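Each reported figure results from applying straightforward, stated rules to the coordinates on display, with no laboratory input. Please read these numbers as outputs of a predicted model, since none were measured by experiment. Cβ sites come from the backbone with ideal geometry, for glycine too, and all protein chains shown count toward neighbours.
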Amino acid sequence: MPIAIAGGHDRTVKRVRRTIEETGYFMVLGDGLKPGAAARMVMQGEALIGIELPTPDDSDADAQVQEPKVIVDATDPSAVRPALAALESGYWQRVAELYAIGPVPSVDVEWLYNPAGRTAWTIVPGLAGVVVMISMLMLGALTLVREIKAPATSNFCRPSKNTFTIGAQRLHLAAACSTGGSSKTDFNRGRA
């Protein structure tokens, strides 16, 4: 799964890359990119996951430490969610090794598609197609039944009873020909 890493300093980027490679899910497209580049790659569809590491600011010692940000394109949730879970597991293992006591840095995850993880977003389009297909079948069946029970006034649209009888005879004839004439259909009387 394609992933991009942007921002941070060299030591942090190497640690993050090592954690990513240990999961076995990802192919790193780029690391050490300029801040914002990983998010752009995800939005352009080049990567499915982008990691934006905070850029160190050595000039201000009192500055608040920023949290890393993960940008996820979840248009294919069955592929992205397990990979992200493996990445989170690797992250928390690394945090347990480095921060046994003290403040633990958290990660902000931003989902670009379906951020709430609602399954209706993936089920409804498929169900809409099924409902339309079944509706068309039912309308076609009702139209055929209406024409047989109460024919329309125009002769152009009305099927005759002979049409259905001839169609049935053709079906029996085709069955007889395909089985080598072993069909016991009496075509003169229309009975088997």
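Want the number for Glu46 to Leu137: 0.36 nm per residue separation, take away the alpha-carbon distance, what's left?
The Glu46-Leu137 span can extend by a further 28.6 nm.
With each pseudo-label sitting 7 Å past Cα toward Cβ, what's the Trp111-Arg15 distance in nm, one decimal?
So the two model labels end up 2.8 nm from each other.
Distance from the Cα centre of region 111-132 to that of region 4-60, in angstrom?
Using only Cα atoms to place each centre, the spacing works out to 30 Å.
For the pair Met27 and Glu97, what calculated FRET efficiency results from E = 1/(1 + (r/R0)^6), where r is the Cβ-Cβ distance and R0 = 35 Å, to the nearest 0.05? Please report the intermediate quantities before stating the final value.
Working: r = 25 Å, r/R0 = 0.71.
The formula returns an efficiency of 0.90 here.
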